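Below is one structure, written out as structure tokens; the observations come after it.
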């Protein structure tokens with residue numbers, strides 16, 4: 001059981017790293033008026049894929065630990081809900097394929113900032129927060 005929690009905790013740092021790098025890339029693309037390219041789609045695929053993996057591992061831990069150790073405290077539900085919303089926000093840019101580059105970069109940049117904010121708040125809601 002501990003390996004699932006350790007994996008879940010480690011993936012969050014990968015998500016933060018990819019999201020920060022992506023945010024820098026998308027802000028530069030927006031400010032420079034660049035066209036959305038293969039590398040940009042790769043960052044989006046990486047971020048959304050990591051978010052999906054995180055949701056899967058987190059849900060397994062949520063159910064396994066909740067059933068096995070006697071309950072589901074409210075902070076777990078808050079964390080689960082916030083992280084599901086973060087995963088949905090991470091997938092929003094996939095809907096913006098047919099718009100111009102500058103607008104797509106701006107919207108994607110804002111979506112990544114939203115993901116980072118939701119992840120920050122969601123992890124902060126847990127006992128121990130980011131120190132965990």
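Readers should treat all values here as calculations from the given coordinates under stated rules, not as data from a laboratory. Remember, it's a predicted structure, so these values are computed and weren't measured experimentally. Quick reminder, even Gly has a Cβ in these numbers, built from the backbone with ideal geometry, and neighbours come from all protein chains shown.
The alpha-carbon atoms of the range 1-83, seen along their principal axes, cover 53, 23, 14 angstrom, with the largest extent given first. Maximal additional length on extending the residue 80-residue 95 stretch stands at 3.0 nm, based on 0.36 nm per residue less the C-alpha distance.
Fewest to most neighbouring Cβ within 10 Å: what's the order for 48, 124?
124, 48
Give the relative contact order (percent, whole number) for the range 1-118; include only Cα pairs under 8 Å separated by 6+ residues. So the answer I get is 41 percent. Straightening the chain between residue 45 and residue 63 buys 3.8 nm, computed as 0.36 nm per residue apart minus the Cα-Cα spacing. If the segment from residue 38 to residue 5 were pulled out straight at 0.36 nm per residue, it would be longer than the present Cα-Cα gap by 8.6 nm.
Under the rule of -39500 (n - 2.57) per DSSP H run of 4 or more residues, summed and divided by the residues of the chain, what mean residue ellipticity at 222 nm is obtained, to the nearest 500 deg cm²/dmol?
Dividing the helical sum by the residues of the chain leaves -28000 deg cm²/dmol.
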